[in-house]
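Reading through the structure tokens given below for one structure.
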């Protein structure tokens, strides 16, 4: 498929008239064809108008129609074949294996949401039958279901050009909920975005859905991004990116005449707690595995382990030595964009210059453009507490060890951390009481707690939480990965004393859907 | 129990030092004893510190302990006996029957949440078992549950001195979720608040819970109200009241270093759609029943029907004549406070003076202090569209009929309405197609749709939604009445590869709780 450099607005393609951008191949430093012109307020307006016009029709599709649409999107993505993989590799600098894995994840995610749509549990159907003879007052017949919020603005993320981008998790869960989607594509991978966007567009056409179910715009954050979030027809926002970017969208959304929810996944340093018995038993192995997680994907994961807490002493020395050895052999890795590399280098510089912070290890020097050198730093708990800047995420393969006097100090540090996506415990049986004391602190601060693993690698499943208290996300009541992500785009509606013919199918007495429903508060498989 | 005029901070009682307020008995206009001194920033600080200190212990209580605590609160409320009823009648001007009904509802609500806590469905327990042999990568063991957000600030509402106040729906659902509560009592019913607050305090003591599980403060909105919402230990807010009040809290919550959710139930005019066949069949009966709903409780309900839409013609004339007759016999009713009466009179004055609005009926003149005279107005659709001020809620027994040319105009008006708690259809079988055309519009705008009923009267049950898009509430994804209200105070946490001994009981393989859980996405009754 020849790339055209055009935006997708409903069923049409359109060249943006604002300052064009080209992707930079970060492995070579070269600009890639074609150029992608940016959208204006007029295109934002047009995409939102189409999305709004499509909303009632799209949300009225049957579960089967909607599920089959999601599967068609998956199919269309796969049919792009190698072209999609090669373009994504070229635009992101990520290795082919990773992009293939990410494609499998993206397609699997769409199919999982198709299954979720068919199951219908997300409808949370509830029926409280009428009690006409109840005293002192009769009870009316009350039925409840969840309905979609409305059109959703989705922002493509730089670090997952497939799985968190045009046809990624936010789009999949919003479409599953019944919400049309308007994507602002990320300028780091416009060609990948065009390919994925055209796959979704083709699926909309094949499934004979209204064209406004999906649009995709390129352009400046200040015009297209802010414009989408401010548009009255947009009813929710999905975003993965920087804290500054997410906070700017939150402000715009809160200042609207009708404020809307923003689901921004923003920043996290994902503390790893090395408990004493685990360190005694396997400090070297932990050090080596930790470096594997730290350097994976050039450290460009929301769940990258950017903070390590351990008790000072010979075990920590062993951990540091093993980590330094592993890191010393870690090749510099191509980062997503020159801008991300620059921010990473500034973050490393900041840590290097911090008065009470020592660099204890580093990766191999770069041997190509846009490559980042991994780095490991160490400080003590008091110095960490004294400098809030040390808690800022450095996006890339950099991490900071906090040397603690004892496990009580580890807990004190944890108690003061900002909200995080994850926390990890390295522990042995003998550490159980220490872990138990830490858990309430961690539960209050993070969305996912791992034992003896590493936070990178986020499973797309029913029990996953990729979310957490602010500022790891804008809304800690949600997850952006896993099937619960659909709930972000829903709200409840109650139908009182409705005649059967006006009730939605899922709430009728003899529903053909055979859903699990709450009847008078009790789960009943119909 | 002798009223002391004191605030409740954990297990202690304390006289506020700020400007004292006395309740005004709106039926007599007299100030009541005792005086209630207002709290300062120091008391806010103390209550929040205690709530925070109690949080981990309280949320770790077993389901049975927490359920039994809620039942103890209900029991303690009932044991206040007639003293509570009499004080609430005196402070609110509401009739005894209504207050007794409200007490039954409040106690029933606490007991219903006790049952919800025991059922454990709110935990939304999910288990995705490990798949160690999966290719290309094994899947870890993932388990998810919902945990409470943290201490919640609850604002007592003037119009439900029991059911939406100190021990009302917000408090019951927050306590059920595992959140300590700090109440800002409403200054219109401080004595009722003290009695209810002491009942909760006694239940905390009897159940041997940490004292910080419940505190109650009096005082100014600018000090105590804003102070609570700004306190970093408060993690969510429950509010029922004016739009200005709710919006002020939303602003404060959004401006915090860590923004928090605000569940403010603010304003709604609850449109009633009179469809043609229903009007033909029973315009008079509808007019009479409508007036019953309009004047109930002096019109002081969030769900009061403040807007009526009908097609112009002889049926509408019949409706107006019947409503005018019923309203003409409706006695003026005592309103909650002199301030609420004043605002009501100003609202009626505004409608009376609006150029294209006619007063078509009014209730009987007042014969006591603080009494409001019901009023019914009429305008046409174009005039309504031209004056946004006509959509503002007039809290009390005033309503506005919109004369429409046809049902298409009714739909056009509906399409432009702000978010509402409810919408009502009066319809016959012949109206089904008209109703079907209206439904998508209404679903997008309201939380509850009723057929052939009236919106006043909100059942506390599993399928109820008392919520709706902004500005009817601050967060249309939620309900403040019914068992789903618990979800407002929860967030998901995922446990990855946890040893059984560290897992919460509800997520263990052999959980003694026998919950319904999602296993690999499928509901399994354990």
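For the reader, a short list of remarks on this structure follows.
- Residue A:460 meets the conditions (1) in contact with a strand residue (DSSP E or B) (Cβ under 8 Å, 6 or more places away or on another chain); (2) within 12 Å of chain B (Cβ to nearest Cβ) in every case but one. The failed one is (1).
- Only one of the numbered conditions (1) under 29 Å from residue A:392 (Cβ atoms); (2) more than 19 Å from the chain's Cα centre (by Cα); (3) touching a residue at least 24 places away in the same chain (Cβ under 8 Å) is not met by residue A:222, and that is (3).
- Test: residue in the stretch B:43-54 that is away from chain A (no Cβ under 14 Å), assigned to a helix (DSSP H, G or I) and farther than 30 Å from residue B:146 by Cβ: yes
- Filter result (over 20 Å from residue A:146 (Cα atoms), more than 9 Å from every other protein chain (Cβ to nearest Cβ) and surrounded by fewer than 19 Cβ atoms within 10 Å (Cβ to Cβ)) within the stretch B:418-457: B:428, B:430, B:433
- When the stretch A:33-47 is limited to residues that are buried (at least 19 other Cβ atoms within 10 Å of the Cβ) and out of contact with any helix residue (DSSP H, G or I) (no Cβ under 9 Å at 6 or more places or on another chain), the one that is farthest from residue A:218 (Cα to Cα) turns out to be A:46.
- Selected residue (only one of B:183, B:291 is assigned by TED's automatic domain parsing to the domain that holds residue B:60 and either modelled with pLDDT of 95 or more or under 18 Å from the mean Cα position of the chain (by Cα) (or both)): B:183
- In the stretch A:101-138, of all residues being touching a helix residue (DSSP H, G or I) at 6+ places or on another chain (Cβ under 9 Å) and part of a strand (DSSP E or B), the one that is nearest to the other protein chains (Cβ to nearest Cβ) corresponds to A:126.
- Residue check for residue B:477: assigned to a helix (DSSP H, G or I) and within 17 Å of the chain's Cα centre (by Cα): no
- Those residues of the stretch B:220-264 which are outside any loop (DSSP other than H, G, I, E, B), within 14 Å of chain A (Cβ to nearest Cβ) and more than 21 Å from residue B:302 (Cβ to Cβ), in sequence order: B:251, B:252, B:254, B:255
- Residue match in the stretch A:76-98 (condition: within 12 Å of another protein chain (Cβ to nearest Cβ), within 19 Å of residue A:169 (Cα to Cα) and out of contact with any strand residue (DSSP E or B) (no Cβ under 6 Å at 6 or more places or on another chain)): yes
- Matching option when the condition is assigned to a loop (DSSP other than H, G, I, E, B) and buried (at least 18 other Cβ atoms within 10 Å of the Cβ), among A:377, A:384, A:395: A:395
- In the set (1) in a helix (DSSP H, G or I); (2) within 20 Å of the chain's Cα centre (by Cα), the condition left unmet by residue B:72 is number (2).
- Scanning the stretch A:510-521 for residues that are over 26 Å from residue B:263 (Cβ atoms) and facing chain B (nearest Cβ under 8 Å) yields one hit, A:516.
- Count of the stretch B:481-501 residues which are within 30 Å of residue A:427 (Cα to Cα), at the interface with another protein chain (Cβ under 8 Å from one of its Cβ atoms) and not in a loop (DSSP other than H, G, I, E, B): 8
- None of A:145, A:98, A:111 is at pLDDT 95 or above and surrounded by 24 or more Cβ atoms within 10 Å (Cβ to Cβ) except A:145.
- Condition check for residue A:203: closer than 30 Å to residue A:420 by Cβ, surrounded by 24 or more Cβ atoms within 10 Å (Cβ to Cβ) and in contact with a helix residue (DSSP H, G or I) (Cβ under 6 Å, 6 or more places away or on another chain): no
- Applying a threshold of 6 Å to beta carbon distances and a minimum spacing of six or more residues, or different chains, the list of pairs starting in the stretch A:426-445 at a residue that is over 19 Å from residue B:494 (Cα atoms) and ending at one that is in a loop (DSSP other than H, G, I, E, B) reads A:431/A:275; A:434/A:275.
- Condition check for residue A:297: in contact with a helix residue (DSSP H, G or I) (Cβ under 8 Å, 6 or more places away or on another chain) and either at pLDDT below 95 or not assigned by TED's automatic domain parsing to the domain that holds residue A:357 (or both): yes
- Residue within the stretch A:502-509 that is facing chain B (nearest Cβ under 7 Å), over 18 Å from the mean Cα position of the chain (by Cα) and more than 15 Å from residue B:492 (Cα to Cα) present: yes
- Residue within the stretch A:180-195 that is within 14 Å of chain B (Cβ to nearest Cβ) and buried (at least 24 other Cβ atoms within 10 Å of the Cβ) present: yes
- The stretch B:447-461 - residue that is in a loop (DSSP other than H, G, I, E, B) and under 15 Å from the mean Cα position of the chain (by Cα) and, of those, modelled with the lowest pLDDT: B:457
The values are calculated or read from the model by the stated rules, or taken from the named source; none is laboratory data. Just so it is clear, the structure is predicted and the values come from calculations on it, not from any experiment. Note that each Cβ is placed from the backbone with ideal geometry, even for glycine, and that neighbours are counted across all protein chains shown.
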